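What follows is a single structure, written as structure tokens, with notes after it.
Laboratory data are not the source of any read-out in this text; all were calculated from the coordinates shown. Just so it is clear, the structure is predicted and the values come from calculations on it, not from any experiment. All Cβ positions, glycine included, derive from the backbone under ideal geometry; neighbour counts span all protein chains shown.
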């Protein structure tokens, strides 16, 4: 980064699990300061004041918050609020980093994307940490360099560690479905690795509820598989699971005409092996936050540098809107058991 004396003042909307991760990362980053936090939840307000200090402005109302004196906002609120909050931030002249998904549905995602084009001076990003995970960045470089030749197919998965508690089941009810909540990371990762303005045309999905039968009541599954056809013949295969027993495991495979790249083939928490009387084993990551911890900080660094220095980022808002369109089509296919044409709502 080019050294700059300017400090980027940020307001964070949302101080739950992901909001706290971002806030904790920001305080370790130079030239960025959290000056305001917005949450209607009293315990989160108390945490923000305790962690950031009493000089931090805390708001319960987003409309009051977004008018405050800062240059950029991080939106880390429930999915259903993303579209309106991003649009309101843009209207108030704020740069925006929004956690995935860009909106709860495809129409909303494209509305945000199209609105962003009217404000070219504002930096609008949607956070997908794999775009800043070192293994994915290196894989993208090799693909751009032609090391695997022309891409034939990509396979990507996000499989979460098994949890069975009331909070988890309640979360699934309003998550938007496995493809929007979970596999949207895989969809975006594949778009990033392909690296060009790809056009998805058709989606098919299926899944099971063998572990969590209650998910049927929500129109969802505990294990889902999806296929996406692209206009140029590429095929993407995504797999999501909410019941992995051994570890959280995010991995991606790219197969080309000259070779293959496998990213995160093993779900390692650390790059060590442990050998004892039980044999040799590795420690698995418990969550995506464990596996991709450096990437969450790197994407905030990239957002800062984009605003302060104009450094081109790996963020791609059009891909973020495409990812919602694809995920939505997969959820429709999951429920109808039919292939679904993908509409990129413009």
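Report, to the nearest 10°, how far helix 106-117 tilts away from the longest principal axis of the Cα atoms in the chain, using its own Cα long axis and a range of 0 to 90°.
With rounding to tens, the tilt is 50 degrees.
Can you give the translational diffusion coefficient of region 1-76 in µm²/s, computed by Stokes-Einstein from the Kirkwood radius over Cα pairs at 25 °C and 0.890 mPa s? Kindly include the intermediate steps, with their values, before the conclusion.
Working: Rh = 12.4 Å.
The diffusion coefficient I find is 198 µm²/s.
From the Cα gyration tensor of region 1-135, with a ≥ b ≥ c the square roots of its eigenvalues, which class applies: rounded if a/c is under 1.5, or else prolate if a/b is larger than b/c, or else oblate?
Details: a/c = 1.41, a/b = 1.20, b/c = 1.18.
Cα axes put region 1-135 in the rounded bin.
Along Cα→Cβ, 7 Å out, is where each label goes; now give me the distance between the ones at residue 28 and residue 345 in nm to one decimal.
So the label points at residue 28 and residue 345 sit 3.8 nm apart.
Nearest 5 is fine: what % of DSSP beta bridges in the chain come out antiparallel, could you say? Intermediate results must be reported in sequence, preceding the final value.
On the way: 33 of 62 bridges.
Antiparallel: roughly 55 percent of the beta bridges in the chain.
Is the shape of region 81-181 best called rounded, prolate or oblate, per the rule: a/c under 1.5 gives rounded, else a/b larger than b/c gives prolate, else oblate, with a ≥ b ≥ c the square roots of the Cα gyration tensor eigenvalues?
Numbers: a/c = 2.25, a/b = 1.09, b/c = 2.06.
Taking the square roots of the gyration eigenvalues as a ≥ b ≥ c, region 81-181 is oblate.
Could you put 10, 261 in order, starting from the residue whose Cβ has the fewest other Cβ atoms within 10 Å?
Values: 10 27, 261 21.
Ranked by crowding around the Cβ, least crowded first: 261, 10.
Using a 10 Å cut-off on Cβ atoms, rank the peptides 237-243, 19-25 from the highest mean neighbour count down. Provide the component values of the computation, followed by the final result.
Working: 237-243: 22.6, 19-25: 18.4.
The most tightly packed comes first, giving 237-243, 19-25.
Could you tell me which label, among (1) 26, 46, 25, 3; (2) 18, 25, 19, 14, 11, 8, 4, 1, 0; (3) 30, 59, 11, 0, carries the value of P(r) over Cα pairs in 20 Å bins from 0, in percent calculated for this structure?
Among (1) 26, 46, 25, 3; (2) 18, 25, 19, 14, 11, 8, 4, 1, 0; (3) 30, 59, 11, 0, the one calculated here is (3).
Return one number: the angle in degrees, 0 to 90 and rounded to the nearest 10, between the long axis of the Cα atoms of helix 293-309 and the longest principal axis of the Cα atoms of the chain.
Here the helix axis deviates by roughly 50 degrees.
With an 8 Å cut-off on Cα pairs and a minimum separation of 6 or more residues, tell me the relative contact order of the chain in percent.
Relative contact order comes out at 20 percent.
Using packing as a proxy for protection, rank 28-34, 111-117 so that the peptide with the highest average count of other Cβ atoms within 10 Å comes first.
Details: 28-34: 15.6, 111-117: 18.1.
Order by mean packing, descending: 111-117, 28-34.
As I understand it, the value is the acute angle between the Cα axis of helix 42-52 and the longest principal axis of the Cα atoms of the chain; what does it come to in degrees, rounded to 10?
Taking the Cα atoms of the chain, the angle to 42-52 is about 70 degrees.
Cut-off is 10 Å between beta-carbons; in what order do 65, 168 appear when sorted fewest neighbours first? Each step should come with its number before you reach the end.
Numbers: 65 24, 168 13.
With the sparsest Cβ surroundings first, the list reads 168, 65.
Distance between Cα centroids, region 1-79 to region 88-144: provide it in whole Å.
The two parts, judged by their Cα centres, are 19 Å apart.
How many nm is it between the label spots at residue 152 and residue 50, if each spot is 7 Å from the Cα in line with the beta carbon?
5.5
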